[in-house]
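What follows is a short report on a single structure.
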Amino acid sequence: MGAAKERTLSIIKPDATRRNLTGKINSKFEDGGLKIVGQKRLQLTQTQAEKFYEVHKERPFFGDLVKFMVSGPVVVQVLEGPDAVAANRKIMGATNPANADAGTIRKEFAESIEANSVHGSDSLDNAKREINFFFAETEIVA
Ligand code: ADP
Ligand code: MG
């Protein structure tokens, strides 16, 4: 039995859109076996960013994180493939680029632990919640 097909939410963060790295980052997903089945470029509002990162609201970096996420455009996207949640986290690399494996997005492109180029859902439940946060079902086409 093969790995289950899943969907996960990816966000290309403002540090990466500012440096015009959208295509290079998306090549990592596609080369890693994930398919981009939904995608849009957005300017997040303060309210949207606070709501999206609500789970981190007690963390000391919350205010800075929200400020960073509204500092420029993001690309929100739905990735689909076998074990997509875990596969995406592997392609992204560790939160802190200093700890990220060679060849990962964060190792190659992240500027810092905060400006780390990409977001990826951390569980299938959160993936569903995060996909619904940004996408209507009609906007996802496999
Ligand atoms: P991940 O994005 O790897 O799932 P977390 O969910 O723990 O990491 O954190 C969410 C985001 O908050 C990170 O991607 C990063 O942008 C920011 N962040 C996490 N830890 C720190 C920190 N210690 N200082 C500043 N920003 C942080
Ligand atoms: Mg996280």
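The values are calculated or read from the model by the stated rules, or taken from the named source; none is laboratory data. Everything numeric here is computed off the predicted structure, so don't read it as measured data. Here the Cβ is made from the backbone with ideal geometry for all residues, glycine too, and neighbour counts use every protein chain on show. Note: accessible area is taken over every heavy atom of the protein model, side chains too, but ligands, DNA and RNA are not part of it. Shrake-Rupley method; radii C 1.70, N 1.55, O 1.52, S 1.80 Å.
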| When the accessible area of segment 1-105 is computed with all protein chains present and a 1.4 Å probe, what percentage of it is carbon and sulfur? | 51
| note | A correct Karplus calculation of ³J(HN,Hα) over segment 26-32, with 6.51 cos²θ - 1.76 cosθ + 1.60, θ = phi - 60°, whole Hz and x for Gly and Pro, returns 5, 4, 4, 5, 5, 5, x
| Once every DSSP H run of n ≥ 4 in the chain is given -39500 (n - 2.57) and the sum is divided by its residues, what mean residue ellipticity at 222 nm do you get, rounded to the nearest 500 deg cm²/dmol? | -10500 deg cm²/dmol
| For the chain: Kirkwood Rh in Å [reciprocal of mean 1/r, alpha carbons] | 15.1
| said: Checking the cross-link filter: which lysines have an alpha carbon closer than 21 Å to that of LYS13, excluding same-chain neighbours under 8 positions apart? | reply: LYS24, LYS28, LYS35, LYS40, LYS51, LYS57, LYS67, LYS90, LYS107, LYS128
| message | Residue by residue through segment 33-42, what is 3J(HN,Hα) from phi via Karplus (6.51 cos²θ - 1.76 cosθ + 1.60, θ = phi - 60°)? Round to whole Hz and write x for glycine and proline. | response | x, 9, 10, 7, 9, x, 6, 8, 9, 9
| query | Where a ≥ b ≥ c are the square roots of the eigenvalues of the C-alpha gyration tensor, would you call segment 1-59 rounded, which needs a/c under 1.5, or, failing that, prolate if a/b is larger than b/c, or oblate? | reply | oblate
| DSSP-assigned coil residues among trypsin sites (Lys or Arg not before Pro) in segment 20-62, each with at most 12 further Cβ atoms within 10 Å | LYS57
| said: Relative contact order for the chain: what percent, with Cα pairs under 8 Å and sequence separation of 6 or more? | reply: 38
| task | Give me the accessible area per residue for segment 23-142, probe 1.4 Å, as a whole number in Å². | result | 53
| request: Take the alpha-carbon centre of segment 1-66, take the same for segment 95-130, and report the distance between them in whole Å. | output: 8
| Mind checking the dipole of segment 1-45: about its Cα centre, +1 per Lys or Arg Cβ, -1 per Asp or Glu Cβ, Debye to the nearest 20? | 180
